[in-house]
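K.L.:
Please see the structure below; I have some questions.
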Amino acid sequence: MTDRQRSDARRNHARILAVAEQEVAAHGANASLEQIARVAGVGSATVRRHFPTRQELLQAVLWHRIEVLCERARELTGAPDGREALLAWLADLVTYCVGAKGLATALAYDGDPTGPNSCASAIEEAAEPLLRKAVEEGAVAPEATVAELVGLIVGIAMVTEHHSEPQKAAERLFAVAVAGISPGS
């Protein structure tokens, strides 16, 4: 949306996007465009005018979540404890991936992995300072990469997607991954 758009068009765009985010979280990539229009209080033609294809709407929903995750990484970068900041951000990533059906898949395969506008690239760029600080503090192995950590979270989200309580199962798997499986190590 540009600033030159009419205020009602900007409001419709924002409302459609907010409703679409809820519907995608509840129903995944197959969320009904007609239901999104109904809940947003607009016609289906208005939805299609703002988002001509389902893919464009899904990308907008995912990019909104990606931007929130990137902003959260930037907020945590100045935290005093690098390990805790990184773990807090990874826990947020778990929550987002589990709560937004389709986000884990977008992060797992986002087309051209070298593309500057890909979801995975944006996440990696934002999280790199968090990882670097944790590594500098000796809290994370120096060979660990953001891509590997994101891959771990994506795997957790994907394997728990059909669990009766996916968020709880994902949080438990994340805790096991952080603690490791060897006692006292």
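The values are calculated or read from the model by the stated rules, or taken from the named source; none is laboratory data. What you see is a predicted model; the values in this text were computed from it and never measured. Cβ sites come from the backbone with ideal geometry, for glycine too, and all protein chains shown count toward neighbours. SASA here: full protein model, heavy atoms, side chains in, ligands and nucleic acids out. Shrake-Rupley method; radii C 1.70, N 1.55, O 1.52, S 1.80 Å.
K.L.:
Give me the 1.4 Å probe accessible area per residue for the chain, excluding ligands and nucleic acids, in Å².
P.N.:
On a per-residue basis, 56 Å².
K.L.:
Ok, one more. For the chain, build the charge dipole from Cβ charges (+1 Lys, Arg; -1 Asp, Glu) around the Cα centre, then report which of Pro142, Ser32, Leu86 sits farthest towards its positive end.
P.N.:
Positive-end residue among those listed: Ser32.
K.L.:
For the chain, what is the calculated [θ] at 222 nm in deg cm²/dmol (nearest 500), taking -39500 (n - 2.57) for each run of four or more DSSP H residues and dividing by its residue count?
P.N.:
Calculated at 222 nm, the ellipticity per residue is -23000 deg cm²/dmol.
K.L.:
Then there's this: At 7 Å along the Cα-to-beta-carbon direction for both Thr145 and Glu161, put a label point, then send me their distance in nm to one decimal.
P.N.:
Simple spin-label model gives 2.4 nm for this pair.
K.L.:
Counting only GluC sites (Glu not before Pro) that are in a DSSP loop and have at most 15 other C-beta atoms within 10 Å, tell me the longest site-free stretch of the chain.
P.N.:
By the stated rule (loop sites, at most 15 other Cβ atoms within 10 Å), 1-136.
K.L.:
Ratio to report: Rg/Rh of the chain, with Cα atoms as the point set and Rh obtained by the Kirkwood method; give two decimals.
P.N.:
1.03
K.L.:
Round to a whole number: what % of the accessible area of the chain belongs to carbon and sulfur, probe 1.4 Å?
P.N.:
Whole-percent figure for carbon plus sulfur exposure: 53.
K.L.:
Please give the helix 82-99 orientation as an angle from the longest Cα principal axis of the chain, in degrees from 0 to 90, rounded to the nearest 10.
P.N.:
On a 0 to 90 degree scale, this one is about 40.
K.L.:
To the nearest 0.05, what FRET efficiency results for Glu137 and Ala175 with a Förster distance of 22 Å applied to their C-beta separation?
P.N.:
0.60
K.L.:
Please give the helix 54-76 orientation as an angle from the longest Cα principal axis of the chain, in degrees from 0 to 90, rounded to the nearest 10.
P.N.:
40 degrees
K.L.:
While we're here: If Lys and Arg each add +1 and Asp and Glu each add -1, what is the summed charge of the other residues whose beta carbon sits under 14 Å from the beta carbon of Ala144? Display every interim value, and only then the final one.
P.N.:
Details: positive: Arg83, Arg132, Lys133; negative: Glu124, Glu128, Glu136, Glu137, Glu143, Glu148.
So the surrounding residues net to -3.
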